[in-house]
Amino acid sequence: MFVFLLTLFFQLGADVARQFVAMLVVAAAWEFEKQVLDLHPDEHSTFAELVFLVTGLITGAITVLIWPYEQTAQSPFHEISAIASPIITGFTIYATRYLIRQTGTQPSEFLSFRPAVLFALGVSLTRTVMLSDWI
């Protein structure tokens with residue numbers, strides 16, 4: 001039982017770290033994407049939330065292709081991670097946004113809880129579907 005829980009928490013940590021790094025890279029490109037699509041995420045529009053989710057879906061597909069299958073196939077843990085890791089990633093990004101604000105820099109709107117959860121959910125769903133045995 002201890003080995004199972006240790007493996008589960010290690011896998012959750014790896015998924016959160018992977019989503020966190022991917023989100024920081026995508027957040028740099030978010031400012032450009034926001035200008036091109038003329039988005040105002042402060043309004044919490046459905047279109048802006050859909051863009052966060054679709055960006056996560058695309059990023060999830062890219063991460064599956066970047067990392068070899070042997071390093072990313074962790075059945076049944078990727079199904080569990082698909083539920084828990086977006087929420088943990090959201091809290092991690094929220095804490096990172098707080099730390100960035102403490103330095104006096106204004107962080108991107110992409111680095112807040114709601115967009116982080118939507119992005120990480122897109123990454124997790126894509127990884128779960130692409131790595132599942134039933135496809």
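The values are calculated or read from the model by the stated rules, or taken from the named source; none is laboratory data. Predicted model, so just to flag it, every value in this text is computed and none were measured. Cβ atoms come from the backbone with ideal geometry, glycine included; neighbour counts cover every protein chain shown.
Please count how many residues of the range 1-32 are β-branched (Val, Ile, Thr), touching a residue at least 24 places away in the same chain (Cβ under 8 Å) and more than 20 Å from Thr96 (Cβ to Cβ).
Narrowing the range 1-32 to residues β-branched (Val, Ile, Thr): 3, 7, 16, 21, 25-26.
Subsequent filtering for residues that are touching a residue at least 24 places away in the same chain (Cβ under 8 Å) retains 7, 16, 26.
Right, trim to more than 20 Å from Thr96 (Cβ to Cβ) and you get 7.
Final tally of qualifying residues: 1.
Kindly state which helices (runs of 4 or more DSSP H) lie completely within the range 19-135 and contain at least 1 residues that are under 29 Å from Leu5 (Cβ atoms), in contact with a helix residue (DSSP H, G or I) (Cβ under 8 Å, 6 or more places away or on another chain) and at pLDDT 75 or above. It would help to see each step written out before you state the result.
Values: elements: 46-66, 69-72, 77-102, 113-131.
By residue number, 46-66, 77-102, 113-131.
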Residues located in the range 22-37, provided they are exposed (fewer than 13 other Cβ atoms within 10 Å of the Cβ) and within 16 Å of Gly60 (Cβ to Cβ)
Val25, Ala29
